[in-house]
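Asker: My questions all concern the structure below.
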């Protein structure tokens, strides 16, 4: 990836107040591939003490969307048209890592996936799978 494209991803990510609220950060940016890390904070728990599905969905959706954005021209952004979430296990641990990937990039639609893992010490558990469709929109 060229530096202007990487910079654009970081600017767009930094503009998301939701990611700031969740304490999320970009940990990898590559063509068609993004990784986002978020701590499981006391403010992001569900009633049984696990990370809330909203946290899982939020970082999974963003990882998938930013993966699509890595393949778009610099004058475009991306929005989610639809996304499906399968929760596989409780979000137990210190933090979550969402890995977004592009399955098929198109001019009007991009099909994307994301895997979300919970990290608890040295243990990594796949807790969710997402699949969705992203639509390019004009920047601005």
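Asker: How many of the residues making up segment 91-128 are more than 21 Å from residue 71 (Cβ to Cβ) and more than 11 Å from the chain's Cα centre (by Cα)?
Answerer: Of the residues in segment 91-128, 17 are more than 21 Å from residue 71 (Cβ to Cβ) and more than 11 Å from the chain's Cα centre (by Cα).
Asker: Just for segment 17-31: of the residues that are more than 12 Å from the chain's Cα centre (by Cα) and part of a loop (DSSP other than H, G, I, E, B), which one is nearest to residue 76 (Cα to Cα)?
Answerer: Only one residue tops the list, namely 31.
Asker: Can you tell which of 97, 36, 40, 59 is touching a strand residue (DSSP E or B) at 6+ places or on another chain (Cβ under 9 Å) and within 19 Å of residue 8 (Cβ to Cβ)?
Answerer: Only one candidate passes the filter, namely 36.
Asker: Report, by residue number, each residue of segment 47-64 that is within 15 Å of residue 84 (Cβ to Cβ) and surrounded by 24 or more Cβ atoms within 10 Å (Cβ to Cβ).
Answerer: Selection gives 56, 60, 63, 64.
Asker: Of everything in segment 15-24, what is touching a helix residue (DSSP H, G or I) at 6+ places or on another chain (Cβ under 8 Å) and under 25 Å from residue 105 (Cβ atoms)? Give them in sequence order.
Answerer: Selection gives 16, 18, 19, 24.
Asker: Need the failing condition index for residue 1 against (1) assigned to a helix (DSSP H, G or I); (2) farther than 21 Å from residue 128 by Cβ, just the number.
Answerer: Result: residue 1 fails condition (1) only.
Asker: What is the residue count in segment 92-123 for residues that are farther than 19 Å from residue 81 by Cβ and without any contact (Cβ under 8 Å) to a residue 12 or more places away in the chain?
Answerer: Of the residues in segment 92-123, 1 are farther than 19 Å from residue 81 by Cβ and without any contact (Cβ under 8 Å) to a residue 12 or more places away in the chain.
Asker: May I ask you to list the residues in segment 41-72 that are in contact (Cβ under 8 Å) with a residue 40 or more places away in the chain and outside any helix (DSSP H, G or I)?
Answerer: Result: 48, 50, 51, 70, 71, 72.
Asker: Return the total of residues in segment 100-124 being farther than 30 Å from residue 137 by Cα, touching a strand residue (DSSP E or B) at 6+ places or on another chain (Cβ under 7 Å) and surrounded by fewer than 16 Cβ atoms within 10 Å (Cβ to Cβ).
Answerer: 1
Asker: Taking the criterion of being under 15 Å from residue 132 (Cα atoms) and surrounded by fewer than 17 Cβ atoms within 10 Å (Cβ to Cβ), would at least one residue in segment 66-80 satisfy it?
Answerer: yes
No value in this document is a laboratory result; all are computed from the given coordinates. For clarity, every value in this text was computed on a predicted model and none was experimentally measured. Don't worry about glycine lacking a Cβ; one is built from the backbone with ideal geometry, like all the others, and counts go over all protein chains shown.
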